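One structure is given here, and the rest of the page talks about it.
Please treat every number below as a calculation from the coordinates, not as lab data. The model shown is predicted, which means the values in this text are computed figures rather than measured ones. All Cβ positions, even for glycine, are placed from backbone atoms using ideal geometry, and neighbour counts span all protein chains on display.
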Amino acid sequence: MKRVVISLLLAIALVVPLANAQDEKQKYPTITVYFSDGTSTNITEKQWVEIFPIIQGRIKGYDWSGMMKELLFDSSNTGLNPYGLDFVRGIEKHTLNEWDNNYARVVIEALNYTYDLDSDGDGYTNYEELNAGTLPGDASSHPGLTQEEFWNKYEGYIIIGVLVASIFVLYFVFNREKE
Ligand SMILES: [Ca+2]
């Protein structure tokens, strides 16, 4: 029995690094963008690496370098997360010609397009999240608690607090009537 467990552990220890090594092969997924004029292009890993510094150059509040994967892509690293989708939508408002002539400008305009949106619907604009260092494509990551979450989290304490306060008030009111 012991031998079986050890063999299993050894097998896992060998397979896990292999699986990770395969993930490392492709750092960023290739994304096809469809421009407004009906043309399209692929953004490959090599191009993503060139795009990231342009994005970072426009964000003053937080250093995203090294976190671009989490910023734009889904957890399986095969597609875009909600923020990445909006960013690519911003790119798609342009044409292949504009992309080929000056992709940096297209990237900046796509980034500007995402600012006022709330891609993950957590109540914070992408602009706020980009500068606060929380993930604009993940609703569970945001600067503070939304009002709804605040209420869900503290509802019990608030009700108990109001009850305790009411008991105190009643206690003093009754005591005063006795005197
Ligand atoms: Ca958000």
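Counting 0.36 nm for each residue step from residue 171 to residue 63 and taking away their Cα separation leaves a gain of 33.3 nm.
Scalar couplings 3J(HN,Hα) for the stretch 88-104, obtained by applying the Karplus form with A = 6.51, B = -1.76, C = 1.60 to θ = phi - 60°, are 5, 4, x, 5, 5, 6, 9, 10, 4, 4, 5, 4, 5, 6, 7, 5, 4 Hz; x denotes Gly and Pro.
For residue 80, the residues whose amide H sits under 5 Å from its own are 74, ignoring neighbours fewer than 5 places away on the same chain, with H placed 1.01 Å from N. Taking 7 Å steps out from each Cα toward its Cβ at residue 158 and residue 115 produces label points 3.4 nm apart.
Among 148, 70, 50, sorting on how many other beta-carbon atoms sit within 10 Å of each Cβ, with the fewest leading, yields 148, 50, 70.
Between residue 149 and residue 132, what length comes free when the chain is fully extended (0.36 nm per residue of separation minus the Cα-Cα distance, one decimal in nm)?
Stretched fully, the residue 149-residue 132 segment lengthens by 4.2 nm.
On full extension, the segment bounded by residue 40 and residue 108 gains 22.6 nm, given 0.36 nm per residue less the C-alpha separation. A simple packing score, the average count of other Cβ atoms within 10 Å per residue, orders the peptides 160-166, 57-63, 85-91, 137-143 as 85-91, 137-143, 57-63, 160-166, with the highest score first.
Extents of the stretch 27-123, taken as max minus min of Cα coordinates on every principal axis and listed largest first, are 32, 27, 24 Å. Applying 1/(1 + (r/R0)^6) with R0 = 45 Å to the Cβ-Cβ distance of residue 3 and residue 30 gives a FRET efficiency near 0.50.
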